[in-house]
Amino acid sequence: MPSQSTPGLAHVVFFTLKDQSPASREAFLAACNKYLTDHPGTVHYSVGVREPSYQRPVNDQEFDVALVVVFDSKEAHDQYQVAPRHKEFIAEQSVNWSKVRVFDALA
């Protein structure tokens with residue numbers, strides 16, 4: 001994990017898919033794993049579908065897939081944003097989502 005003197009950056013993305021079928025979700029997860037893993041400076045990567053059994057009032061139900069990537073620095077995050085594989089992911093997959101929400105926070 002990043003040191004206290006140089007904070008990293010947590011990049012959290014929530015995707016709402018146009019086709020919310022299990023097959024569509026699995027295909028989207030596969031694309032995330034193909035294009036968004038193993039970028040320089042990544043200290044944590046995870047992606048998964050929303051767990052429908054969590055129905056508390058605080059649980060957001062308006063997404064299908066959550067992506068969490070923690071980078072060791074803001075610079076690593078910024079390089080990820082312009083990386084060819086990240087751009088390929090957006091070009092290929094943006095037609096599949098109806099909404100995307102991005103939350104970037106120091107970590």
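Please treat every number below as a calculation from the coordinates, not as lab data. Note that this is a predicted model, so its numbers are computed, not measured. Note that we place each Cβ from the backbone using ideal geometry, even for glycine, and neighbour counts take in every protein chain shown.
Here are some notes:
- Candidate aspartates and glutamates - alpha carbon under 14 Å from Lys74, same-chain residues fewer than 8 apart omitted: Asp104
- Here's the list of lysines a cross-link from Lys99 could span, going by alpha-carbon distance under 22 Å and ignoring same-chain residues fewer than 8 apart: Lys18, Lys34, Lys87.
- Per-residue ellipticity at 222 nm computed for the chain from its helices equals -9500 deg cm²/dmol, with DSSP H segments shorter than 4 residues left out and the rest contributing -39,500 (n - 2.57).
- Value of relative contact order over the chain, rounded to a whole percent, pairs C-alpha under 8 Å and six or more apart: 49
- Among Val58, Val102, the order by Cβ neighbours within 10 angstrom, fewest to most, reads Val58, Val102.
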